[in-house]
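J.: One structure coming up, written as structure tokens, with questions to follow.
The values are calculated or read from the model by the stated rules, or taken from the named source; none is laboratory data. Keep in mind that what you see is a predicted model, and the values were worked out from it rather than measured. Neighbour counts are summed over all protein chains in view; Cβ atoms, including those assigned to glycine, are modelled from backbone coordinates with ideal geometry.
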């Protein structure tokens with residue numbers, strides 16, 4: 001069953017409303033009617049079972065008949081991703097939402113080719129958040145994925161979570177691989193990782209990240225494309241740190 005996302009602004013006690021594109025899909029695609037039961041999430045880790053009570057021309061109303069806490073993920077993951085070329089950030093956002101990433105922060109680094117003006121940056125952010133929300137609904141996640149505004153690499157310090165495990169993927173790292181680095185970190189619950197642009201992170205940027213508590217790791221012997229590096233790193237972190 002497809003799950004819809006009901007934001008807090010659309011929940012009033014046990015009453016909910018569905019509008020916009022979700023309303024269109026609910027009524028005109030799925031052909032739901034008053035009395036039908038649907039599932040939704042509230043973005044806070046709860047699965048809601050809702051009975052439709054009324055349908056109008058632009059919205060549907062419903063009543064929450066059951067609220068089920070979804071199993072909590074063992075690891076909260078934040079990705080600081082340097083903005084790549086050719087619109088690949090859309091793809092990365094989608095895969096982050098599928099894999100279970102909690103936050104994505106678009107980052108501008110020394111070698112970032114794409115430089116977004118303020119107006120264009122705002123439009124891109126709106127698009128990325130829309131892609132994230134649509135993917136969350138498609139895969140049935142009970143929580144949301146936050147896409148933060150674009151920032152410079154040195155500005156990410158203000159976004160860091162206290163006590164988190166901080167990783168910087170760097171192709172020049174020769175002594176520390178991701179798998180071995182995670183081996184004795186099985187109790188860690190909060191992970192933050194930086195993935196550089198097509199040209200990678202510079203030595204100066206690694207030094208700056210080290211000053212913020214990051215440790216550089218290799219993702220393997222092969223040079224990976226930006227989008228491949230992000231997916232490989234995220235999947236490996238969840239695999240190593242989340243128990244079955």
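J.: Please find, among 222, 129, the residue that is within 22 Å of residue 115 (Cβ to Cβ) and without any contact (Cβ under 8 Å) to a residue 24 or more places away in the chain.
T.: 129
J.: Restricting attention to the range 1-20, and to residues there that are outside any loop (DSSP other than H, G, I, E, B) and at pLDDT below 85, which single residue is surrounded by the fewest Cβ atoms within 10 Å (Cβ to Cβ)?
T.: 9
J.: Quick test for you: out of 83, 50, pick the one residue that is assigned by TED's automatic domain parsing to the domain that holds residue 99 and touching a strand residue (DSSP E or B) at 6+ places or on another chain (Cβ under 8 Å).
T.: 83
J.: Inside the range 41-112, counting only strands (runs of 3 or more DSSP E) that do not spill past its ends, which hold 2 or more residues that are touching a residue at least 12 places away in the same chain (Cβ under 8 Å) and surrounded by fewer than 18 Cβ atoms within 10 Å (Cβ to Cβ)?
T.: Ranges flagged: 46-55, 59-69.
J.: Another one. Of 233, 229, which residue is buried (at least 17 other Cβ atoms within 10 Å of the Cβ), at pLDDT 95 or above, within 24 Å of residue 163 (Cα to Cα) and under 22 Å from the mean Cα position of the chain (by Cα)?
T.: 233
J.: For residue 182, are the conditions met, namely being buried (at least 21 other Cβ atoms within 10 Å of the Cβ) and in contact (Cβ under 8 Å) with a residue 12 or more places away in the chain?
T.: It is false that residue 182 is buried (at least 21 other Cβ atoms within 10 Å of the Cβ) and in contact (Cβ under 8 Å) with a residue 12 or more places away in the chain.
J.: Confirm whether residue 163 is modelled with pLDDT under 95, assigned to a loop (DSSP other than H, G, I, E, B) and more than 19 Å from residue 93 (Cα to Cα).
T.: yes
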